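One structure is given here, and the rest of the page talks about it.
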Amino acid sequence: MHARRRTVLTAGAAGAAALTTGCGSPDGGGGDESSAPDSAGAELARTSDVPVGGGTIFKDRRIVVTQPADGRFKAFSAVCTHAGCIVSSVGDGTIDCACHGSRFSITDGAVEAGPASRPLPAERITVEGDSIRRA
Ligand code: FES
């Protein structure tokens, strides 16, 4: 009997190979490489952009970086956990959302004032010298 039917799915490996970014020429021309994509390792801010006891909101990256104490940096999602607005300002130790007035701690993202009920999720960052990067 040869009613054997075999379905072999060879997923197109050719498609995955199209993602080569071949910029490997060691030109050594002292180029300025400041166009890193927004991904792990990309510079987010300079430490001088973030005030001590306050923070800075990077709306386009949906992240807020704070400095609760001198030299101690934290980062949180800038998307309010109440209804999804991007938080609007940082002051008096809190990250504030103008949509309905929620406030979150700059230290750990905890809710300081509602209507939000969940904290802002932390984002991982690393600080090297005066550069703050996504971890
Ligand atoms: Fe931020 Fe409502 S969306 S308080």
task = Sort out which residues of the stretch 98-135 are hydrophobic (A, V, I, L, M, F, W, C) and under 15 Å from VAL65 (Cα atoms), and write them in order of number.
result = PHE104, ILE106, ALA110, LEU120, ALA122, ILE125, VAL127, ILE132, ALA135
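Filter the stretch 92-121 down to residues that are assigned to a loop (DSSP other than H, G, I, E, B) and more than 9 Å from the ligand (Cβ to nearest atom), then give me how many there are.
Result for the stretch 92-121: 12.
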key: the stretch 82-135: number of residues that are touching a Cys at 6+ places or on another chain (Cβ under 8 Å) and among the acidic types (Asp, Glu)   = 0
ask   = If you go through the stretch 94-105 one residue at a time, do you hit one that is touching a Leu at 6+ places or on another chain (Cβ under 8 Å) and in contact (Cβ under 8 Å) with a residue 40 or more places away in the chain?
value = yes
message = If I ask for residues that are under 14 Å from ILE125 (Cα atoms) and of a type outside the set (S, T, N, Q), which ones from the stretch 56-77 would you list?
response = PHE58, ARG61, ARG62, ILE63, VAL64, VAL65, GLY71, ARG72, PHE73, LYS74, ALA75, PHE76
request  = Look at SER48 and say whether it is surrounded by fewer than 17 Cβ atoms within 10 Å (Cβ to Cβ), within 16 Å of the ligand (Cβ to nearest atom) and either of a type in the set (Ser, Thr, Tyr) or modelled with pLDDT under 95 (or both).
outcome  = no
key: Pairs where the first residue, in the stretch 64-87, is farther than 17 Å from GLY129 by Cα and the second is among the aromatic types (Phe, Trp, Tyr) and away from the ligand (no atom under 16 Å from the Cβ), C-beta under 9 Å, 6+ apart   = VAL64/PHE58; ALA78/PHE58
message = If a residue must be surrounded by fewer than 19 Cβ atoms within 10 Å (Cβ to Cβ), more than 9 Å from the ligand (Cβ to nearest atom), among the small types (Gly, Ala, Ser) and in a loop (DSSP other than H, G, I, E, B), how many such residues does the stretch 68-91 contain?
response = 1
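The values are calculated or read from the model by the stated rules, or taken from the named source; none is laboratory data. Small disclaimer: the values here were computed from a predicted structure and weren't measured. Every residue, glycine as well, gets a Cβ built from its backbone with ideal geometry; the counts of neighbours run over all protein chains shown.
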